[in-house]
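Notes follow once the structure below has been shown.
Values quoted throughout were computed directly from the atomic coordinates according to the rules given, and no laboratory measurement underlies them. All figures in this text were calculated on a predicted structure; none of them were measured in a lab. Cβ: placed from backbone, ideal geometry, glycine included. Neighbour counts: every protein chain shown.
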Amino acid sequence: MKYFFLILILSVATFAIPIDSLVTAWADRNALSADISQISISHIDTVIEDGIICIRKPNAIFRTESDLILYIDGKLYTHSAGSDVGMFSEMGDFVYSDIERLIGKLGAEFEIALESYDSGFTLGGSGGSGNIVSFAAELDRNFIPQKIQWNDVFDYTTIFIFNNVLLDDPGDVFTVPDSIEFIRQ
């Protein structure tokens, strides 16, 4: 009986592993695309939106029914539904499309840890000094994102659930929409 409990405890235990293993796993991966569900939970209500996220280094796009964030050719384009215009600004690079730079940025802003469990990993961060105070990313055994959640200073929660994740070329989604007028920020 005591061996049963020992096995049970070991099967659900988490083990900290070096974050470099996450960076190494993504070193040669140049693209990711996924359908996402974004769940925004506030004290007033819960909003669920579907969208896409695609990365083809160095470009990236995040699009839901209400938001567009597009980085292409050294420019960041943003637009929110209900607005007549979008904004763009020149950027040398986009940290969110490079895992090593992203981990470095997270490490500068949070106390981060990567833990292993039965079916994957959890990358968590706490002690954030900006608008985001904590985050947790669930990754499968190949470090593919399954779910990301963060909490902000207003006690709002945002959750991204990843579906249909592909690691090959996401196609031709990196175009600036002609239907939106973008002005320089």
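Hey, how many Å between the Cα centroid of region 92-113 and the Cα centroid of region 139-185?
Comparing the Cα centres of region 92-113 and region 139-185, I get a distance of 15 Å.
Could you state the angle between the C-alpha long axis of helix 2-12 and the longest principal axis of the C-alpha atoms of the chain, as a value from 0 to 90 degrees rounded to the nearest 10?
10
For region 16-184, what is the charge dipole size about the Cα centre, in debye to the nearest 20, if Lys and Arg each add +1 at the Cβ and Asp and Glu each add -1 at the Cβ? Walk me through the numbers on the way to the answer.
Details: 10 positive and 27 negative charges, 59 e Å.
The dipole magnitude comes to about 280 debye.
Identify which of VAL153, VAL95, VAL23 has the largest mean-square fluctuation in a Gaussian network model of the chain, with springs joining Cα atoms closer than 10 Å.
Highest fluctuation among the options: VAL153.
Hey, with R₀ at 22 Å, roughly what FRET efficiency would ASP118 and ALA25 work out to, going by the Cβ-Cβ distance, to 0.05?
Values: r = 18 Å, r/R0 = 0.82.
Result of the calculation: an efficiency of 0.75.
For Cα extents along the principal axes in Å, several values are listed as (i) 46, 39, 30; (ii) 65, 26, 25; (iii) 68, 42, 31; flag the one computed from this structure.
It is the value labelled (iii).
Using Cα-Cα distances under 8 Å and only pairs 6 or more residues apart, what relative contact order does region 16-184 have, in percent?
Here the relative contact order equals 26 percent.
Neighbouring Cβ atoms within 10 Å as the yardstick, rank ARG184, ARG101 fewest first.
Fewest-to-most ranking of ARG184, ARG101: ARG184, ARG101.
Along the charge dipole of region 44-107, pointing to its positive end and built from +1/-1 on Cβ of Lys, Arg, Asp and Glu, which listed residue (ILE52, MET91, LEU76) has its Cα farthest out?
MET91
Helix 99-109 against the longest principal axis of the chain: what's the angle in degrees, Cα atoms only, rounded to the nearest 10?
80
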